[in-house]
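S.K.: The structure follows.
Computed from the coordinates by the stated procedures, all read-outs in this text should not be read as laboratory data. What you see is a predicted model, and the numbers here were worked out from it, not measured in a lab. Note: ideal-geometry Cβ built from the backbone for every residue, glycine included; neighbour counts use all protein chains shown.
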Amino acid sequence: MAKSRKRLARRTRPQSKGKSRFKVSGKADREYRTWIRRQVCAIPATDTWMPNFSLGAVMHVCHVRSRGAGGTDRANLVPMCATHHAEQHIMGIRTFEKRHSVNLKQMAAEYQVRYQAWRAAQAGAR
């Protein structure tokens with residue numbers, strides 16, 4: 001009986017046939033991701049039980065919408081400390097946004113605008 005269950009389970013698994021199972025909509029922009037990692041955590045530390053280790057800590061590049069779900073790198077990334085990033089994954093985006101009173105899509109768009117201004121300033125300085 002157990003053998004038939006294993007065979008059934010194997011037959012029902014999705015076959016990738018050497019192809020990627022998810023379509024990624026956009027190429028990773030390493031320079032932008034590096035710039036995001038240099039920022040401080042986008043979520044202010046409002047809880048006394050959870051300190052914000054954003055100063056001097058390694059920032060995580062958090063996707064507002066996952067790449068597998070069609071999120072592109074630009075206007076989709078927000079810097080977060082490890083604590084907030086883990087909390088975002090545990091709670092889910094909607095609950096996380098409500099709890100911290102933030103709009104991650106809007107924040108990601110603002111970071112993209114700030115990055116473009118920084119790039120323009122860098123190009124002007126050369």
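S.K.: Please rank Trp118, Trp35, fewest neighbouring Cβ atoms within 10 Å first, as an exposure proxy.
M.R.: Ascending number of Cβ neighbours within 10 Å: Trp118, Trp35.
S.K.: State the extension gain, in nm to one decimal, for the chain segment bounded by Ala117 and Lys98, taking 0.36 nm per residue of separation less the distance between their alpha-carbons.
M.R.: 3.9 nm
S.K.: Oh, and also: Return the distance in nm (one decimal) between the two label points of a simple spin-label model at His89 and Arg65, each offset 7 Å from Cα along Cα→Cβ.
M.R.: Distance between the two pseudo-spin positions: 2.2 nm.
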